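**Q** Below: one structure in C-alpha cells.
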Amino acid sequence: MKTIAPLACFAAASLFLVSCSQPPSTNYLERQLIPRTGPIMPRVKGTQYDCSIATAEHGAANVWQANVGGRVLSDNQPYNVSTEACFTTQSECEAFLYLMNGVLDQIITSRCQMGYEKSFFDKLFGS
C-alpha cells in the first residue's frame, strides 16, 4: 500500500500539470493569418480571405467584408494594425472580428458588412 500512494500522487500531479498547459490554437483563422513571431499583423494578402481574390471568385456582392483597426500596446513600441478581409459567410467574418478583437489592445473599428466596398483611398487613387 505504501508504494501505491506515491504513484497515485505522482499520477495526480502529472494530470494536473498537463491540464494547466495551454494547447496550440485550434482557431483556423489564427493559425492561417496571425504570425507566431514578430508584430501582430494579419497576413491576409494572397490567401483565400484577400478581398481581391474573394471578390474575383464569388463576386463583390456575395462576400462579407471585415474591416478591423486598432493598436497593439507592445513593450517595445505601440503600433497600429489595420486590415480588411473577405469571407463567404457572416459567421466567418464575425469569427475574424472576434479573433482580432482578442489580439488588439485598443479597438478603433471592427465591422462586418455584406458586399465588398472599396476604401475611400482605393476609390480616389484607383487601386
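**Q** Mind giving me the nanometre distance, one decimal, between the label points for residue 79 and residue 56, set 7 Å out from Cα along Cα→Cβ?
**A** Spacing of the two 7 Å Cα→Cβ label points: 2.8 nm.
**Q** Quickly work out the residue 47-to-residue 90 label distance, labels modelled 7 Å from Cα along the C-beta direction, and quote it in nm with one decimal.
**A** Placing both labels 7 Å along Cα→Cβ, they lie 2.3 nm apart.
Just so you know, all these numbers are worked out from the coordinates, no wet-lab data involved. What you see is a predicted model, and the numbers here were worked out from it, not measured in a lab. Because the Cβ atoms are built from the backbone with ideal geometry, glycine has one as well, and the counts that use them run over all protein chains shown.
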